[in-house]
1. So which residues in segment 137-160 are in a helix (DSSP H, G or I) and open to solvent by 20 Å² or more (accessible area, probe 1.4 Å)?
2. Being under 24 Å from Glu431 (Cα atoms) and either of a type in the set (Lys, Arg) or open to solvent by 20 Å² or more (accessible area, probe 1.4 Å) (or both) is the filter here, so list the residues in segment 218-277 that pass it.
3. Going through segment 417-463 one residue at a time, which ones are open to solvent by less than 40 Å² (accessible area, probe 1.4 Å), of a type in the set (Asp, Glu) and at pLDDT 95 or above?
4. For segment 298-372, give me every one of the strands (runs of 3 or more DSSP E) that falls completely inside it and has 1 or more residues that are among the charged types (D, E, K, R).
5. Might you check whether a residue that is modelled with pLDDT under 95, in a helix (DSSP H, G or I), closer than 23 Å to Asn433 by Cα and open to solvent by less than 10 Å² (accessible area, probe 1.4 Å) occurs anywhere in segment 278-296?
6. Which one of these does Ile158 not meet: (1) under 23 Å from Lys409 (Cα atoms); (2) modelled with pLDDT under 95?
7. For a quick check of your reading of the model, give me the residue pairs whose first member lies in segment 370-391 and is at negative phi, whose second is basic (Lys, Arg) and open to solvent by 30 Å² or more (accessible area, probe 1.4 Å), with beta-carbon atoms closer than 7 Å and at least 6 apart or on different chains.
8. Can you tell me which residue within segment 192-204, out of those that are part of a helix (DSSP H, G or I), closer than 22 Å to Asp277 by Cβ and in contact (Cβ under 8 Å) with a residue 24 or more places away in the chain, is least open to solvent (accessible area, probe 1.4 Å)?
Amino acid sequence: MWSLVEYINTTWLWWTVTIAYALIVLGIIAIVVSENRNPVKSLAWVTVLLVVPAVGLVLYMFFGRNIQNKRIISRRNRRKLKKLENISRPDSPRARRSPAVEQAITLAASLQSSPFYEGNSVELFNNGADKFESLLRDIAEAREFINLEYYIIADDRIGRRVADALVERASAGVKIRLIYDSVGSFKVGRKYLRRLKEAGVEAYPFFEVVFPPFGTRVNWRNHRKIVVIDGKIGYIGGMNIADRYVDGGKDFPLWRDLHLRLTGPGVNALQQSFAVDWNFMGQPLLEQMAVDTPAETTGADSPRKACAAGVQLLTGGPVNQWMNLTLMFQKIIATARKTVYLQTPYFLPSEGLLQALQLAALSKVDVRIMLPRRSDSDMLRWASFSYIQECLRAGIKVYLYEKGMLHSKAIIVDDEFATVGSTNFDFRSFEHNFEANLLIYSREFNAVMRRQFLEDQRDCVRVSAATWRNRPYLEKGLESVMRLFAPIL
């Protein structure tokens, strides 16, 4: 039998813990409300915290915190980079473009002070084999520095070939810097990284996740794929360093993705983006800007087609004041007059983006969305499919790619605009990941992208409204349930 003192002490402890826990939950609810987020998302977090406070508290610590407006680089260092960029880029006359494209250029400049670069050459890769052969060739010819930033680096055949090339260049005195994502490259072993570091490669994880105390960083990932070689050549797109981009991996016969090779003054933008992320790693500011070299050109009989283009780089992330990529995509879709072609592996649009696509289709713009029939994530596939009915109702044409995994991230609008990068058309890319897309203003390159889209369309099945309505109820139910988790998938 407990004594009266023991009973009082136990009761006092229980009430103390309960009250403290309740105050913590109520405090987090107050923070969520005070951040003035999207009301739907705020209400969802408040509901979870009230109904299942223990689970909600853990989920919020990992996935709910807001780091918007967190300074990723000091104002002083930002001014230094801007000054260097202005010195390295003389003013040049801009080609005449449509009012819609001029507005897009102005919007990117307003969102992020993204300079517009004329006189570039852009080459499109639609498979990993060609992209990696080109990248390895350019790495082998590097003489001064190589800066790489990837979400995934795998210790497989392609990963080891890239490592071999970097080690060889490092031994020749080339300065090599590598940023890899702590979560995306979680499986890459210490032996792989140790070999690079022992060769002189400076390699650092982005927002390293260490338990404890840094588990709360797991929600903010660096999804960018950027390479700058000697300040003359840049790469950007959707391909990581892994075998699957060459052979499809163990689950798919083909892994369709897009990547770009850039030459010309626009390489400056890639170098500046890398310099910002490198400084965020706690490393000295890189004041080494891209070399002012002319864009590469290819002859008519060359197997490599490089198109002349004006470009801007637009990056996004949870620290930005604005949702840069969301606003840019909404703007360019809203101003479309003839066509909007969209390729994405995951289709979880915000309400604004979905409405922009619907408005375009209802205005008789030819809107086409291409998704993979079978995805590398069943949860994301079910959530993505939950939006198809709303698209079909507005007259949007939806195509399901059947040849393999469609991982391409591209938007082609009318005759002058196209964008390729790391950004998926989903909440995670728009709100939580650090992303980077190249905005390309070029009729020539737009035509190349359209041909690629139509080529992929031949490997698709178009979704009919009748067939989609009559799919099994179990599928509809799974899609509806997974849609509830869309903001954090």
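1. First pass over segment 137-160, keeping only residues in a helix (DSSP H, G or I): 137-140, 157-160.
Within segment 137-160, Arg137, Ala140, Arg157, Arg160 qualify.
2. Listed by number, the residues that qualify are Val218, Arg221, Arg224, Lys225, Gln272.
3. Glu435, Asp456
4. Working: elements: 306-316, 339-343, 366-372.
Those strands (runs of 3 or more DSSP E) span 366-372.
5. Start the filter on segment 278-296 by keeping residues that are modelled with pLDDT under 95, which leaves 278-296.
Narrowing further to those that are in a helix (DSSP H, G or I): 278-280.
Applying the additional criterion that residues be closer than 23 Å to Asn433 by Cα yields 278-280.
Pick out the ones that are also open to solvent by less than 10 Å² (accessible area, probe 1.4 Å) and you get 278.
For segment 278-296, residues modelled with pLDDT under 95, in a helix (DSSP H, G or I), closer than 23 Å to Asn433 by Cα and open to solvent by less than 10 Å² (accessible area, probe 1.4 Å): present.
6. With (1) under 23 Å from Lys409 (Cα atoms); (2) modelled with pLDDT under 95 applied to Ile158, the lone miss is (2).
7. Note: pairs meeting the criteria are Ser375/Arg381; Ala383/Arg483; Ser386/Arg483.
8. Going through the qualifying residues, I end up with Leu196.
The values are calculated or read from the model by the stated rules, or taken from the named source; none is laboratory data. Nothing here was measured: the structure is a model prediction, and the numbers come from that model. Reconstructed Cβ throughout: ideal geometry from the backbone, glycine too, with neighbour counts over all protein chains shown. All accessible areas refer to the heavy atoms of the entire protein, side chains included, with ligands and DNA or RNA removed. Shrake-Rupley method; radii C 1.70, N 1.55, O 1.52, S 1.80 Å.
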